[in-house]
1. Out of the residues in segment 111-129 meeting the condition of being part of a strand (DSSP E or B) and touching a helix residue (DSSP H, G or I) at 6+ places or on another chain (Cβ under 9 Å), tell me which one is farthest from ligand 1 (Cβ to nearest atom).
2. For segment 248-263, enumerate the residues that are within 12 Å of ligand 2 (Cβ to nearest atom) and either out of contact with any strand residue (DSSP E or B) (no Cβ under 8 Å at 6 or more places or on another chain) or modelled with pLDDT under 95 (or both).
3. Where residues in segment 119-131 are buried (at least 24 other Cβ atoms within 10 Å of the Cβ) and over 19 Å from the mean Cα position of the chain (by Cα), which of them is farthest from ligand 2 (Cβ to nearest atom)?
4. Among Lys424, Lys412, Lys403, which is over 23 Å from the mean Cα position of the chain (by Cα) and assigned to a helix (DSSP H, G or I)?
5. Would you check which residues across segment 1-36 are in contact with a helix residue (DSSP H, G or I) (Cβ under 7 Å, 6 or more places away or on another chain) and open to solvent by 60 Å² or more (accessible area, probe 1.4 Å) and list them?
6. Restricting attention to segment 151-171, report how many residues are within 30 Å of Lys424 (Cα to Cα), touching an Asp or Glu at 6+ places or on another chain (Cβ under 9 Å) and open to solvent by less than 20 Å² (accessible area, probe 1.4 Å).
Amino acid sequence: MNKKTNLTGWNFDNSYSRLPDLFYSNVNPSPVESPQLSILNSSLAENLGLIQEELQSEDGVAMFAGNKLPGGASPLAQAYAGHQFGHFTMLGDGRAVLIGEQITPQGERFDIQLKGSGRTPYSRGGDGRAALGPMLREYIISEAMYALGVPTTRSLAVVTTGESIVRETNLPGAILTRVAASHLRVGTFQYAARWGTTEDLKTLADYAVNRHFPEVQEDAQPYLAMYRQVIKRQADLMAKWQLVGFIHGVMNTDNITVSGETIDYGPCAFMDTYDPATVFSSIDRQGRYAYGNQPDIDGWNLARFAEALLPLFHDDQEEAVQIAQEALAEFPKLYHDNWLNGMCAKLGIFDKEKEDISLVEELLALMKKHAADFTNTFRALTLDNSVEDGMFATQEFKEWKAKWQERLSRQKESKSSAAELMKKNNPAVIPRNHRVEEALEAAVDHGDYTVMHKFLDILSNPFAYTEEQEEYAKPPAPSNLPYRTYCGT
Ligand code: AMP
Ligand code: MG
């Protein structure tokens, strides 16, 4: 048994452990040699009702490492399945444990998960561990997403373990403490549908309804209403990803949450040059999870979700399929509407008109043709600075701009309100890949965390348009090698 900490502030409940045994395995984190705190998220700690000084103490660090457990913790690894690159398989937390659900002083409930905490019954051939670089990368990108207003799991802390882990080379081991609305995934339902009874599936659905969608409890068809809510949240999430140029990289059904939060920051990255075919993940050779495919892939994932839920929609299979198809048909419409509203806001348009879609599409076509930087194109339009190079110097762009300006003068809101709207919707900075790499290299190779702290500070207010942010807005120097990210890290 892992020892207990004396930490106050933790206020755990363990509702997931009250689900049938099928859904999890009780497993303690495996203690590590000599844990040290790499980074702690003070503002998140405060929101959770935790005390920063305590978390930085020996007991706090021991807890983040899984060497000691706070009172009330009940560690478990969750079982789930998933379609990975289209193929169905059994998965589960192979290198993570949920230590409990923190009930905050505001009464909210968050999963507290240690990622990289050792082997579990679902580890298959893996070592259950994680390396420092990828855990810090998840920390940076998830916190940047949060600041950008994109629903996401968050990062409370990273500790190093004092142990090496074997990948292509030996790497320093680390554990990330992840905070999530829940870890219920489409894959959790696929697991229940494949290996549980209909009663188990129903129990899981009731749990999800209770935790995320209490408002549908009174609905005549609560499970269908829940499905519709998940569709709505995913349509919102996909639009938000597309509007900031985020590429998840591994949209397998086990990485799609029911809560609508972004989860599992593996081979993800932000796009620099605009191109819908952009892929960063080294293992995504077919471009299945390319930027431009993300909404369609999410629709595919939501169809797998519906398949798992069919027995709860109707006793008659054909009727159930019919019901599911009707609900899913809403997804592309909802997504497109969210996306177009967002694109209009990026262009300073308050109430969209029928022709606005062509204005948006024409701009995107020009950006693609001239290999324009995604974030900086909208940033330049927002600042209305007359940089006359690249796309901006072309006749076709000038024609587009005249049309856009004419559109803005037709709306009742002033040009300055339009500019304000644009500022709120076009980030001045995103976590650019070369900057992420620079911060990771300093921290991992040289133990210098100043670069990362500065970067996190810049990213914490992406719509501020400060002078300090200008340096971080610059795209990378042209390179012959495409940026690549790796899975299974
Ligand atoms: P991911 O690509 O992070 O979504 O993980 C896919 C599956 O592989 C999940 O079931 C993970 O728990 C498992 N997994 C990833 N890395 C490891 C590891 N080092 N040891 C054991 N399981 C792992
Ligand atoms: Mg995963």
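1. Checked segment 111-129; the qualifying residue farthest from ligand 1 (Cβ to nearest atom) is Asp111.
2. Correct list: Met251 only.
3. Out of the qualifying residues, it is Arg129.
4. When all the criteria are applied, what remains is Lys403.
5. Matches in segment 1-36: Asn6, Thr8, Gln36.
6. 3
Rundown of residues vs (1) modelled with pLDDT of 95 or more; (2) crowded, with 24+ Cβ neighbours inside 10 Å; (3) in the same structural domain as Leu76 (by TED's automatic domain parsing); (4) not hydrophobic (A, V, I, L, M, F, W, C), yes/no style:
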residue: Ala174; (1), (2), (3), (4): yes, yes, yes, no
residue: Ala192; (1), (2), (3), (4): yes, yes, no, no
residue: Thr203; (1), (2), (3), (4): yes, no, no, yes
residue: Ala208; (1), (2), (3), (4): yes, no, no, no
residue: Arg211; (1), (2), (3), (4): yes, no, no, yes
residue: Glu218; (1), (2), (3), (4): yes, no, no, yes
residue: Gln221; (1), (2), (3), (4): yes, no, no, yes
residue: Phe246; (1), (2), (3), (4): yes, yes, no, no
residue: Tyr265; (1), (2), (3), (4): yes, yes, no, yes
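Residue by residue, here is whether (1) within 16 Å of ligand 1 (Cβ to nearest atom); (2) farther than 30 Å from Leu132 by Cβ; (3) surrounded by fewer than 22 Cβ atoms within 10 Å (Cβ to Cβ) holds:
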{"position": "Ile256", "(1), (2), (3)": "yes, no, no"}
{"position": "Thr262", "(1), (2), (3)": "yes, no, no"}
{"position": "Cys268", "(1), (2), (3)": "yes, no, no"}
{"position": "Ser282", "(1), (2), (3)": "yes, no, yes"}
{"position": "Gln286", "(1), (2), (3)": "no, yes, yes"}
{"position": "Ala290", "(1), (2), (3)": "no, no, yes"}
{"position": "Phe305", "(1), (2), (3)": "no, yes, no"}
{"position": "Asp315", "(1), (2), (3)": "no, yes, yes"}
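The values are calculated or read from the model by the stated rules, or taken from the named source; none is laboratory data. Values in this document were obtained by computation on a predicted structure and should not be read as measured data. Neighbour counts run over all protein chains shown; Cβ positions are idealised from the backbone, glycine included. Please note that ligands, DNA and RNA were not included when accessible areas were found on the heavy atoms of the full protein model with its side chains. Shrake-Rupley method; radii C 1.70, N 1.55, O 1.52, S 1.80 Å.
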